[in-house]
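Participant: Just passing along the structure, written as structure tokens.
The values are calculated or read from the model by the stated rules, or taken from the named source; none is laboratory data. Everything quoted here is computed from the prediction, not taken from an experiment. Every residue, glycine among them, receives a Cβ derived from its backbone with ideal geometry; neighbour counts consider all protein chains shown. With ligands, DNA and RNA removed, areas are computed over all heavy atoms of the protein, side chains included. Shrake-Rupley method; radii C 1.70, N 1.55, O 1.52, S 1.80 Å.
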Amino acid sequence: MNDFFEKMIQQQQQSLPFVLYCKPNSDAIMGMFQQNDNLYDVVDFTEKGFVFSSFDGHKNYIIPEEYSEIKHFVFSKKEVSENENEFASPNEIVKTNFERLVAKGIVAIKENEFQKVVLSRKETIDLVDFDLVTTFENLVQLYPATFVYCFFHPKIGIWMGATPEQLLKVEDNIFKTMALAGTQKNTGYELVVWADKEKQEQQFVTDYIVSELNKVSKSILVSEPYSIKAGSIWHIKTDISGQLNSAENLKEVVGLLHPTPAVCGLPKLESKQFILENENYDRTFYTGYLGELNSSSTSDKASSDLFVNLRCMEIEMDLDLKMTKANLFMGCGITKDSIPEKEWEESINKSMTMKRGL
Ligand SMILES: C=C(O[C@H]1C=CC=C(C(=O)O)[C@@H]1O)C(=O)O
């Protein structure tokens with residue numbers, strides 16, 4: 001094993017926080033190794049480091065640059081064998097419960113409580129011969145177009161994932177973001193046809209992001225929606241970029257965007273309330289955001305590069321510190337035209353992103 005991964009294991013054995021990450025289409029893995037075990041809060045978004053924030057917005061932590069050793073490692077592409085372990089399928093009760101939740105969401109939409117809501121579930125699987133480094137490397141190799149990460153803090157736990165969704169990238173006052181929603185399974189054809197339900201689900205996200213960013217931007221450019229592959233599923237994506245009125249209002253800009261209707265719903269407050277009252281579990285960091293905040297580790301200029309925490313899992317340790325379980329998180333955008341059983345299938349397809357890497 002190389003020094004870089006040795007350092008990661010050492011850090012975890014000493015209960016010291018770290019994060020490893022690889023940006024989309026990059027061949028470099030960045031590592032930040034915190035030198036103490038403090039849990040630092042993000043207060044005003046002028047901090048520098050790697051943020052890890054929860055869906056509900058109450059937990060905003062950072063691995064600060066100033067207390068971390070920063071290393072990077074350039075890797076080469078290699079074939080990885082996808083996991084062939086059959087994980088036990090979720091039972092009928094889990095399926096029925098999720099479909100009931102979706103049906104309840106559809107009723108609320110039809111009663112005009114909101115227009116869209118993203119409903120999710122957590123699936124716990126047993127891990128056999130789990131190895132953190134191998135799983136991280138698998139995710140990096142399998143999903144080169146995503147943001148792949150492995151985060152550890154002794155006061156939070158271990159999280160890892162491969163997310164296709166950028167929340168916000170800002171350098172000076174130039175920003176880039178995306179509206180990503182709508183899902184279908186990859187069947188091997190490059191010509192992807194979208195139904196109105198998915199087009200509308202994604203258009204809600206574009207419209208919301210553009211209207212929020214209009215409040216703080218001088219100019220905004222919006223691409224046509226197009227299909228994009230993330231692992232074995234397709235999404236609809238719109239690129240959104242422009243110039244902010246001022247570069248200093250990062251806290252405000254993130255606050256306007258998070259959580260977008262790609263992970264929460266529309267309107268934001270009503271759909272969020274429905275999620276908190278009905279999902280029956282705490283999302284914690286799933287559908288939160290993570291990434292570089294005012295970082296100067298990859299260029300001379302400080303820039304922020306934040307992603308939405310999707311296609312992710314939390315690794316649980318037993319009393320002997322053996323990693324024995326993984327909690328996988330999957331959500332689906334619900335509109336008036338959703339069909340509960342199809343949303344269930346979609347959640348199964350999304351869970352494969354993590355299962356393949358294990
Ligand atoms: C909420 C998730 O995905 C979002 C991003 C892309 C497509 C989505 C969808 O089709 O529902 C979701 O909005 C998830 O993967 O857990």
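Participant: Using the structure shown, list the pairs from Lys199/Lys237; Lys77/Lys185; Lys237/Lys268; Lys71/Lys350; Lys48/Lys215; Lys23/Lys229 with a Cα-Cα distance above 22 Å, or answer none.
Facilitator: Lys77/Lys185; Lys71/Lys350; Lys48/Lys215
Participant: Which residues does the label zone of Val222 cover in region 248-282, counting backbone N under 15 Å from a point 7 Å along Cα→Cβ?
Facilitator: Those under the cut-off are 261-262.
Participant: I would also like to ask the following. Where nothing but the Cβ of Lys and Arg (+1) and of Asp and Glu (-1) is charged, how large is the charge dipole of region 34-81 around its Cα centre, in debye to the nearest 20?
Facilitator: 360 debye
Participant: Taking only Cα atoms and a 10 Å spring cutoff, compute GNM fluctuations for the chain and point out the largest among Lys272, Lys59, Lys48.
Facilitator: Lys59
Participant: Here's something else I'd like to know. Can you pull out the trypsin sites (Lys or Arg not before Pro) in region 137-180 whose DSSP state is coil and whose Cβ has at most 10 other Cβ atoms within 10 Å?
Facilitator: Working: sites: Lys155, Lys169, Lys176; in loops: Lys155.
For trypsin sites (Lys or Arg not before Pro) across region 137-180 that sit outside H, G, I, E and B with at most 10 neighbouring Cβ atoms in 10 Å, the list reads Lys155.
Participant: Given 0.36 nm per residue, what is the gain on full extension from Phe130 to Glu79 after removing their alpha carbon distance, in nm?
Facilitator: Gain on extension, Phe130 to Glu79, equals 16.5 nm.
Participant: Computing the accessible area with a 1.4 Å probe over protein heavy atoms, can you report the carbon and sulfur percentage for region 70-156?
Facilitator: Values: 2210 of 4750 Å².
Taking all protein chains in place, region 70-156 shows 46 percent carbon and sulfur surface.
Participant: Moving on. Any chance you could run the full-extension gain for Arg100 through Asn280? It's 0.36 nm times the residue separation minus the Cα-Cα distance, nm to one decimal.
Facilitator: Stretched out fully, the Arg100 to Asn280 stretch lengthens by 63.6 nm.
Participant: Once phi is turned into θ = phi - 60°, what whole-Hz ³J(HN,Hα) does the Karplus curve with 6.51, -1.76 and 1.60 give for every residue of region 94-111, x standing for Gly and Pro?
Facilitator: Per residue, the Karplus-derived 3J(HN,Hα) values read 4, 4, 4, 4, 5, 5, 5, 4, 4, 4, 5, x, 5, 4, 4, 5, 5, 8 Hz.
Participant: Please give the per residue accessible area of the chain, computed with a probe of 1.4 Å over protein heavy atoms only, in Å².
Facilitator: Result: 45 Å² of accessible area for each residue.
Participant: Please provide three numbers in whole Å: the alpha-carbon extents of the chain along the principal axes, with the largest listed first.
Facilitator: Over the chain, Cα extents along the principal axes are 55, 51, 39 Å.
Participant: Follow-up. Among Ser54, Ser303, Ser223, which one moves the most in a GNM of the chain with springs linking Cα atoms closer than 10 Å?
Facilitator: It is Ser223.
Participant: Continuing with this model, one more query. Would you compute, from DSSP H runs of 4+ residues alone, the mean residue ellipticity of the chain at 222 nm, taking -39500 (n - 2.57) per run and dividing by the full residue count, rounded to the nearest 500?
Facilitator: -8500 deg cm²/dmol
Participant: Now for a different question. Could you tell me which chymotrypsin sites (Phe, Trp or Tyr not before Pro) in region 250-293 are loop residues by DSSP with no more than 16 other beta carbons within 10 angstrom of their beta carbon?
Facilitator: On the way: sites: Phe274, Tyr281, Phe285, Tyr286, Tyr289; in loops: Tyr281, Phe285, Tyr286.
Hits after loop and neighbour filter: Tyr281.
Participant: Any idea what log10 I(q)/I(0) is at q = 0.15, 0.25, 0.26, 0.30 Å⁻¹ for region 164-221, Debye with uniform C-alpha scatterers and no solvent?
Facilitator: Relative scattering, expressed as log10 I(q)/I(0), comes to -0.57, -1.06, -1.11, -1.28.
Participant: For the chain, set up a Gaussian network in which alpha carbons nearer than 10 Å are linked by springs, and say which option among Val193, Val102, Val51 fluctuates the most.
Facilitator: It is Val193.
Participant: Note the per residue figure in Å³ for the convex hull of the C-alpha positions in region 287-358.
Facilitator: 157 Å³
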